[in-house]
Ligand code: SF4
Ligand code: SF4
C-alpha cells in the first residue's frame with residue numbers, strides 16, 4: 001500500500017522538459033489540448049491506437065502474472081483493494097475488531113456510537129478525497145493545482161471531478177467493497193481460464209488442518225488437525241469467504257487469511273502456514289511426501305511472454321517511426337467546384353496540418369496529379385503554400401483554393417504533399433479535383 005500510494009502521489013509531480021511550448025509534467029492527460037503525455041511520448045487523438053496497444057500489453061501482462069502468481073493484481077495492486085484496505089484499517093482503529101464492531105452496530109444510539117460512526121465516515125471521506133480525488137492531478141498541472149487547492153481557489157470544473165471521485169471512492173471502498181470484486185469486475189469471472197495446476201493460489205492445508213475442532217491449552221494434538229476452528233481467517237477475509245472450503249471465485253489472493261492464521265498458529269506454538277501460497281501440484285504431491293518446487297517456466301509463460309514481446313515491439317516500432325507531421329484534406333462539398341469567368345475551374349479545400357514536434361515550423365504544401373494547377377491560400381497576411389506556419393504541438397487550419405484550366409475529365413485524382421522547412425517529406429494525402437457533374 002505504501003509503495004503503490006507513494007508512486008500514485010509522486011508520479012504527477014515528476015517533471016519532463018519538453019521545451020517552452022508543451023507542459024513539463026511527465027505523466028499528463030491534457031484534456032484542453034486533447035493530448036496524453038508520458039515522458040518522451042505524446043499521443044494525439046489520431047494516435048489512439050497506441051493506447052489500444054498499451055491496454056493490450058497491460059492485459060497480457062496481467063494474464064501472465066495471474067497464470068504465475070494467481071490474483072496478485074487483485075490482492076495487492078488493484079486500487080479498489082488498496083483503498084478498501086485503508087477504509088477497513090480506519091474502521092478497525094476507530095471501532096475495534098469485528099466483534100466490537102458488530103456490538104456497536106447493534107447497540108442503541110448513544111454519544112459513543114454517534115462519535116465512532118461519525119468519525120469513521122469523516123475519515124473515509126478524507127481518505128476518499130486523498131485517494132480517488134487525487135486522480136485529478138493526472139489531468140492538470142499538479143503543482144499549480146496543489147497551490148489552487150491550498151488557496152481554496154480550485155476551478156469548478158476540477159472541483160466537480162474531485163467531488164465525484166471522492167464520492168465514488170467513499171461508496172466503493174466504504175460500502176460496496178467485495179461486491180465490486182464479485183459482481184462488478186469482469187476479471188474475477190475469467191481468471192480461472194489463466195489458472196493451471198502450477199499457479200500460485202492461496203490454499204488451506206486440509207491434510208494438516210483436519211479434523212478441525214476447538215482446542216484447550218494442554219490438550220494433546222494427537223488424532224486431530226491443527227485447525228482450531230477459530231474463524232479468524234474468515235473474519236479478516238475482505239470478500240467474506242472461508243478458504244477452508246477450497247479456492248473460490250471470490251478470493252482476491254490478498255493473503256490476509258494467511259497472516260490471521262499464522263498469528264493463531266504462533267500463539268498455539270504450532271508451525272506456521274496452515275494457510276499459505278501453494279500450487280495445486282505441490283498440494284497434491286505433499287500428500288505423498290514429496291515437495292514440488294514452484295515452476296515458473298511453463299508453456300503459458302512462454303506464449304504470454306511472446307505476445308507481450310510482439311505487441312511491445314510493434315508499439316515501439318510505431319513510436320520510433322511515427323510521422324512528426326500530418327496533413328488532412330477535406331474537399332468542399334458545397335459547391336463542389338466553381339467555374340470562373342476565364343473558363344477555368346476552382347475547388348476549395350480545408351487543410352489541417354498537425355505539427356507534432358516541440359518547435360514552431362513552417363511547412364510547404366504542394367499538389368500534383370493535374371497539369372496547370374495553381375494553389376492559393378486564403379487568410380490574413382501574405383500566406384503562401386510554400387510557408388505555412390504551424391505552432392509547436394498544434395494544428396494549423398488553412399483554407400486552400402486550387403484552380404486549373406477546365407480539364408477533360410470531370411474528376412481528377414490529385415495528391416497533396418507536405419514537406420517541412422528542412423525539406424523532410426511527410427505523408428501524402430490523396431484528394432480530388434472536380435470540374436463538372438458526373
Ligand atoms: S480467502 Fe484469504 S486470500 Fe482470499 S480473499 Fe479471503 S482473506 Fe484474502
Ligand atoms: S485461522 Fe487457521 S486455525 Fe483459525 S479457523 Fe482459520 S484455518 Fe483454522
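Suppose the filter is over 23 Å from residue 342 (Cβ atoms) and in a strand (DSSP E or B); does residue 366 pass it?
Details: over 23 Å from residue 342 (Cβ atoms): yes; in a strand (DSSP E or B): yes.
Yes: the conditions hold for residue 366.
In segment 8-25, which residues are more than 16 Å from the chain's Cα centre (by Cα) and at pLDDT 90 or above?
Within segment 8-25, the subset more than 16 Å from the chain's Cα centre (by Cα) is 10, 13-25.
Of everything in segment 8-25, those that are more than 16 Å from the chain's Cα centre (by Cα) and at pLDDT 90 or above turn out to be 10, 13, 14, 15, 16, 17, 23, 24, 25.
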- Quick one: would you say residue 99 is assigned to a helix (DSSP H, G or I) and within 22 Å of the chain's Cα centre (by Cα)? no
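Going by what's in this entry, would residue 358 be described as part of a loop (DSSP other than H, G, I, E, B), surrounded by 14 or more Cβ atoms within 10 Å (Cβ to Cβ) and assigned by TED's automatic domain parsing to the domain that holds residue 373?
Working: part of a loop (DSSP other than H, G, I, E, B): yes; surrounded by 14 or more Cβ atoms within 10 Å (Cβ to Cβ): yes; assigned by TED's automatic domain parsing to the domain that holds residue 373: yes.
Criteria met by residue 358.
So, in segment 190-244, how many residues would count as being away from ligand 2 (no atom under 14 Å from the Cβ) and under 42 Å from the mean Cα position of the chain (by Cα)?
Step one: list which residues in segment 190-244 are away from ligand 2 (no atom under 14 Å from the Cβ), which gives 190-201, 216-220, 222-223, 238-239.
After this cut, where a residue has to be under 42 Å from the mean Cα position of the chain (by Cα) as well, the list is 190-201, 238-239.
Residues meeting the conditions: 14.
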Within segment 237-249, of all residues that are touching a helix residue (DSSP H, G or I) at 6+ places or on another chain (Cβ under 8 Å) and more than 7 Å from ligand 1 (Cβ to nearest atom), the one farthest from residue 219 (Cα to Cα) is 249
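When you look at residue 376, is it in a strand (DSSP E or B), outside the structural domain of residue 39 (by TED's automatic domain parsing) and in contact (Cβ under 8 Å) with a residue 40 or more places away in the chain, yes or no? Steps first, please.
Numbers: in a strand (DSSP E or B): yes; outside the structural domain of residue 39 (by TED's automatic domain parsing): yes; in contact (Cβ under 8 Å) with a residue 40 or more places away in the chain: no.
In short, no.
Hey, among the residues in segment 174-189 that are free of Cβ contacts under 8 Å to residues at least 12 places away in the same chain and surrounded by fewer than 16 Cβ atoms within 10 Å (Cβ to Cβ), which one's nearest to the chain's Cα centre (by Cα)?
Step one: of segment 174-189, the residues free of Cβ contacts under 8 Å to residues at least 12 places away in the same chain are 175-176, 179, 183-184, 186.
Narrowing further to those that are surrounded by fewer than 16 Cβ atoms within 10 Å (Cβ to Cβ): 175, 179, 183-184, 186.
Working: 175: 24, 179: 21, 183: 20, 184: 17, 186: 15 Å.
Restricting to residues being free of Cβ contacts under 8 Å to residues at least 12 places away in the same chain and surrounded by fewer than 16 Cβ atoms within 10 Å (Cβ to Cβ), the top hit is 186.
Can you tell me which residue in segment 21-42 is nearest to residue 134 (Cα to Cα), limited to those that are part of a loop (DSSP other than H, G, I, E, B) and without any contact (Cβ under 8 Å) to a residue 24 or more places away in the chain?
As a first pass, look at segment 21-42 and keep what is part of a loop (DSSP other than H, G, I, E, B): 21-24, 26, 31-34, 39-40.
Imposing the further condition that a residue be without any contact (Cβ under 8 Å) to a residue 24 or more places away in the chain reduces the set to 24, 26, 32, 34, 39.
Numbers: 24: 19, 26: 16, 32: 19, 34: 20, 39: 20 Å.
Ranking the qualifying residues of segment 21-42, first place goes to 26.
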Those helices (runs of 4 or more DSSP H) completely within segment 121-207 that have 3 or more residues that are modelled with pLDDT under 90 are 187-190
Here the residues within segment 44-80 that are in a loop (DSSP other than H, G, I, E, B) and farther than 30 Å from residue 126 by Cβ are 44, 70
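With 158, 171, 136 as the choices, which residue is away from ligand 2 (no atom under 16 Å from the Cβ), surrounded by 18 or more Cβ atoms within 10 Å (Cβ to Cβ), within 29 Å of the chain's Cα centre (by Cα) and under 26 Å from residue 10 (Cα atoms)? Before you say what the answer is, go through the steps one by one.
Working: 158 fails: surrounded by 18 or more Cβ atoms within 10 Å (Cβ to Cβ); 171 fails: surrounded by 18 or more Cβ atoms within 10 Å (Cβ to Cβ).
The unique qualifying residue is 136.
Do we have residue 263 as away from ligand 1 (no atom under 14 Å from the Cβ) and farther than 30 Å from residue 171 by Cα here?
no
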In segment 324-351, anything crowded, with 19+ Cβ neighbours inside 10 Å and over 26 Å from residue 426 (Cα atoms) is listed as 337, 345
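Before we move on, is residue 293 more than 25 Å from residue 86 (Cβ to Cβ), away from ligand 2 (no atom under 16 Å from the Cβ) and either surrounded by fewer than 18 Cβ atoms within 10 Å (Cβ to Cβ) or at pLDDT below 90 (or both)? Walk me through how you get there before you give the answer.
Details: more than 25 Å from residue 86 (Cβ to Cβ): yes; away from ligand 2 (no atom under 16 Å from the Cβ): yes; either surrounded by fewer than 18 Cβ atoms within 10 Å (Cβ to Cβ) or at pLDDT below 90 (or both): yes.
When the stated conditions are applied, residue 293 passes them.
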All-but-one check, residue 83 against (1) assigned to a helix (DSSP H, G or I); (2) modelled with pLDDT of 90 or more; (3) within 27 Å of residue 143 (Cβ to Cβ), failing number (2)
In segment 336-346, is there at least one residue being outside any strand (DSSP E or B), at pLDDT 90 or above and within 46 Å of the chain's Cα centre (by Cα)?
yes
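Could you identify the single residue in 70, 96, 118 that is surrounded by fewer than 17 Cβ atoms within 10 Å (Cβ to Cβ) and at positive phi? Steps first, please.
On the way: 70 fails: surrounded by fewer than 17 Cβ atoms within 10 Å (Cβ to Cβ); 118 fails: at positive phi.
Testing whether each residue is surrounded by fewer than 17 Cβ atoms within 10 Å (Cβ to Cβ) and at positive phi leaves just 96.
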| Residue check: is residue 248 free of Cβ contacts under 8 Å to residues at least 60 places away in the same chain and within 16 Å of ligand 2 (Cβ to nearest atom)? | yes
Per the filter on segment 222-236, residues more than 8 Å from ligand 1 (Cβ to nearest atom) and touching a residue at least 40 places away in the same chain (Cβ under 8 Å) are 226, 227, 228, 235
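The values are calculated or read from the model by the stated rules, or taken from the named source; none is laboratory data. Note that the structure is predicted; figures quoted are calculated from it, not measured. Ideal geometry is used to build each Cβ from the backbone, glycine not excepted, and the neighbour counts take in all protein chains shown.
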